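Undergrad: Structure in structure tokens, see below.
Just so it is clear, none of the values below were taken in a lab; they were calculated from the coordinates. What you see is a predicted model, and the numbers here were worked out from it, not measured in a lab. Virtual Cβ from ideal backbone geometry, glycine too; neighbours counted across all protein chains shown.
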Amino acid sequence: MSKQLLRSGTAIGAMVREAEHVESKPDFIHKLAIAQKEANETDYWLELLHKSDYLEEKQYQSIIQDSKEINKILASIIITSKQKHYANK
């Protein structure tokens with residue numbers, strides 16, 4: 001589980017970094033959507049680690065709040081980007 005968490009957790013940053021250098025707005029939105037999927041997967045692994053008693057309640061609450069905040073930020077950027085992109089068409 002910890003390897004999966006590491007993979008999905010680091011993939012978020014990698015996809016955001018890729019989104020910084022895309023060639024088009026649709027590609028930017030796509031990269032951030034993948035980052036958001038990875039963030040959702042990270043939440044899943046965190047939940048499993050918590051339910052398996054690998055993470056104490058206090059640790060879990062701290063980390064999951066950060067993860068959910070990342071999800072909200074990504075969602076907001078995606079929504080705004082889609083609105084701006086499709087408004088210009």
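Undergrad: Tell me, what is the FRET efficiency for HIS30 and SER52 to the nearest 0.05, using R0 = 35 angstrom and their Cβ-Cβ distance as r?
TA: 0.60
Undergrad: Would you please calculate the Kirkwood hydrodynamic radius of the range 2-87 over all C-alpha pairs and express it in Å, rounded to one decimal?
TA: Final number for the Kirkwood radius of the range 2-87 is 13.6 Å.
Undergrad: Then there's this: For ARG7 and THR80, FRET efficiency with R0 = 35 Å and r from the beta-carbon atoms, rounded to 0.05?
TA: So, using R0 = 35 Å, E works out to roughly 0.80.
Undergrad: How much mean residue ellipticity at 222 nm does the chain get from its helices, if each DSSP H run of length 4 or more adds -39500 (n - 2.57) and you divide by all residues, to the nearest 500 deg cm²/dmol?
TA: Details: 3 runs with 76 residues, N = 89.
Rounded to the nearest 500, it is -30500 deg cm²/dmol.
Undergrad: Could you give the size of the charge dipole of the chain about its Cα centre, using +1 on the Cβ of each K and R and -1 on the Cβ of each D and E, expressed in debye and rounded to the nearest 20?
TA: I would put it at about 420 debye.
Undergrad: Amide H to amide H, which residues 5 or more places from LEU55 or on other chains are under 5 Å from it, using H placed in the peptide plane?
TA: Long-range HN contacts for LEU55: HIS50.
Undergrad: From the phi of every residue in the range 65-82, what ³J(HN,Hα) in whole Hz does the Karplus formula 6.51 cos²θ - 1.76 cosθ + 1.60 yield, where θ is phi - 60° and glycine or proline is x?
TA: 5, 4, 5, 5, 5, 4, 4, 5, 5, 4, 4, 5, 5, 4, 4, 4, 5, 5
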